[in-house]
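The values are calculated or read from the model by the stated rules, or taken from the named source; none is laboratory data. Because the structure is a prediction, the values reported are computed rather than measured. Note that we place each Cβ from the backbone using ideal geometry, even for glycine, and neighbour counts take in every protein chain shown.
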């Protein structure tokens with residue numbers, strides 16, 4: 001393996017484990033979920049092993065190809081790894097995939113209305129979050145293909161009575177999307193107890209979605225809030241992310 005490729009993989013592993021820690025701390029990911037990241041320029045991706053991701057070290061993470069076969073690493077891979085492989089194989093715009101079982105998202109996936117874009121978090125998904133009606137574990141190509149068909153060109157899909165699948169271009173954007181989806185689901189359940197949620201206008205949604213590539217506000221904050229990075233390092237990361245958006249305005 002070339003030195004540059006090794007550095008890329010190590011960086012992806014670090015970022016993946018940071019995201020797993022944040023998702024777990026936020027109550028989105030539990031011991032049975034899994035997060036992955038595509039290795040750029042390849043038909044492979046990195047995924048946490050078949051146990052709680054927060055317990056994994058970098059060397060425990062596995063490299064898997066687009067046929068859902070492990071090609072590097074010694075730990076067992078998740079039984080539903082095919083969720084990740086089929087999305088990467090079919091969606092060139094996706095660089096990270098998450099499958100997990102957050103409670104409020106599961107409840108909203110059971111509602112006839114599904115997710116309503118009634119607040120800032122939900123408006124990120126104003127183009128809809130489809131519902132895959134089969135609650136079985138997605139551990140076969142057939143079920144994965146059916147899930148993919150239900151998902152279409154959306155970034156997330158509810159697995160009815162089971163969980164969610166969320167995808168984005170980056171690890172950080174994916175984690176933030178999943179957190180915001182669960183927050184939106186929680187707020188919808190709370191609001192539904194005394195009022196009917198009504199959708200907001202679509203204004204500003206494109207700006208919200210574009211920020212998922214570089215979530216410069218919330219991601220460094222979450223890393224600092226959960227003790228993963230120091231204030232100094234979180235500030236440095238913020239400026240680095242801002243530099244990617246406005247290269248002529250930010251000095252590092």
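For the list (1) outside any loop (DSSP other than H, G, I, E, B); (2) more than 16 Å from residue 171 (Cα to Cα), I need the number of the one condition that residue 37 fails.
That leaves (2) as the condition not met.
The rows are residues; the columns are (1) in contact with a helix residue (DSSP H, G or I) (Cβ under 6 Å, 6 or more places away or on another chain); (2) in a helix (DSSP H, G or I); (3) closer than 15 Å to residue 168 by Cβ; (4) modelled with pLDDT of 95 or more.
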residue	(1), (2), (3), (4)
77	no, no, no, yes
82	yes, yes, no, yes
89	no, yes, no, yes
94	yes, no, yes, yes
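Of these, 92, 56, 37, which one is surrounded by fewer than 17 Cβ atoms within 10 Å (Cβ to Cβ) and assigned by TED's automatic domain parsing to the domain that holds residue 171?
Numbers: 56 fails: surrounded by fewer than 17 Cβ atoms within 10 Å (Cβ to Cβ); 37 fails: surrounded by fewer than 17 Cβ atoms within 10 Å (Cβ to Cβ).
Unique residue meeting the criteria: 92.
Can we say residue 202 is under 19 Å from residue 124 (Cβ atoms), under 15 Å from the mean Cα position of the chain (by Cα), at pLDDT below 85 and not in a helix (DSSP H, G or I)? Before the answer, list the steps.
On the way: under 19 Å from residue 124 (Cβ atoms): yes; under 15 Å from the mean Cα position of the chain (by Cα): no; at pLDDT below 85: yes; not in a helix (DSSP H, G or I): yes.
The answer is no for residue 202.
Given the condition assigned by TED's automatic domain parsing to the domain that holds residue 196, at pLDDT 95 or above, out of contact with any strand residue (DSSP E or B) (no Cβ under 7 Å at 6 or more places or on another chain) and surrounded by 14 or more Cβ atoms within 10 Å (Cβ to Cβ), answer yes or no: does some residue in the range 112-126 qualify?
Residues of the range 112-126 that are assigned by TED's automatic domain parsing to the domain that holds residue 196, as a first pass: 112-126.
With at pLDDT 95 or above added as a condition, the list becomes none.
No, the range 112-126 contains no residue that is assigned by TED's automatic domain parsing to the domain that holds residue 196, at pLDDT 95 or above, out of contact with any strand residue (DSSP E or B) (no Cβ under 7 Å at 6 or more places or on another chain) and surrounded by 14 or more Cβ atoms within 10 Å (Cβ to Cβ).
Kindly evaluate residue 178 against the criterion of being part of a helix (DSSP H, G or I), assigned by TED's automatic domain parsing to the domain that holds residue 95, in contact (Cβ under 8 Å) with a residue 40 or more places away in the chain and on the phi < 0 side of the Ramachandran plot.
Working: part of a helix (DSSP H, G or I): yes; assigned by TED's automatic domain parsing to the domain that holds residue 95: yes; in contact (Cβ under 8 Å) with a residue 40 or more places away in the chain: yes; on the phi < 0 side of the Ramachandran plot: yes.
Judged against the criteria, residue 178 is a match.
Which of the following residues is closer than 27 Å to residue 142 by Cβ and free of Cβ contacts under 8 Å to residues at least 40 places away in the same chain: 41, 31, 109? Working first, answer last.
On the way: 41 fails: closer than 27 Å to residue 142 by Cβ; 109 fails: free of Cβ contacts under 8 Å to residues at least 40 places away in the same chain.
Step by step, each of 41, 31, 109 is checked, and only 31 is closer than 27 Å to residue 142 by Cβ and free of Cβ contacts under 8 Å to residues at least 40 places away in the same chain.
Taking the range 205-230, which residues are at pLDDT 65 or above and touching a helix residue (DSSP H, G or I) at 6+ places or on another chain (Cβ under 6 Å)? Reasoning before the result, please.
First pass over the range 205-230, keeping only residues at pLDDT 65 or above: 214-230.
Passing the criteria: 214, 215, 216, 218, 219, 220, 222, 223, 224, 226, 228, 229.
Assess whether residue 148 counts as being within 26 Å of residue 39 (Cα to Cα), in a helix (DSSP H, G or I) and in the same structural domain as residue 24 (by TED's automatic domain parsing). Break it down stepwise before answering.
Numbers: within 26 Å of residue 39 (Cα to Cα): yes; in a helix (DSSP H, G or I): yes; in the same structural domain as residue 24 (by TED's automatic domain parsing): yes.
Against the criterion (within 26 Å of residue 39 (Cα to Cα), in a helix (DSSP H, G or I) and in the same structural domain as residue 24 (by TED's automatic domain parsing)), residue 148 qualifies.
Being under 18 Å from residue 102 (Cα atoms) and either modelled with pLDDT under 95 or under 20 Å from the mean Cα position of the chain (by Cα) (or both) narrows it down to one residue among 163, 152; which is it? Explain how you work it out, then say what you get.
Details: 152 fails: under 18 Å from residue 102 (Cα atoms).
Step by step, each of 163, 152 is checked, and only 163 is under 18 Å from residue 102 (Cα atoms) and either modelled with pLDDT under 95 or under 20 Å from the mean Cα position of the chain (by Cα) (or both).
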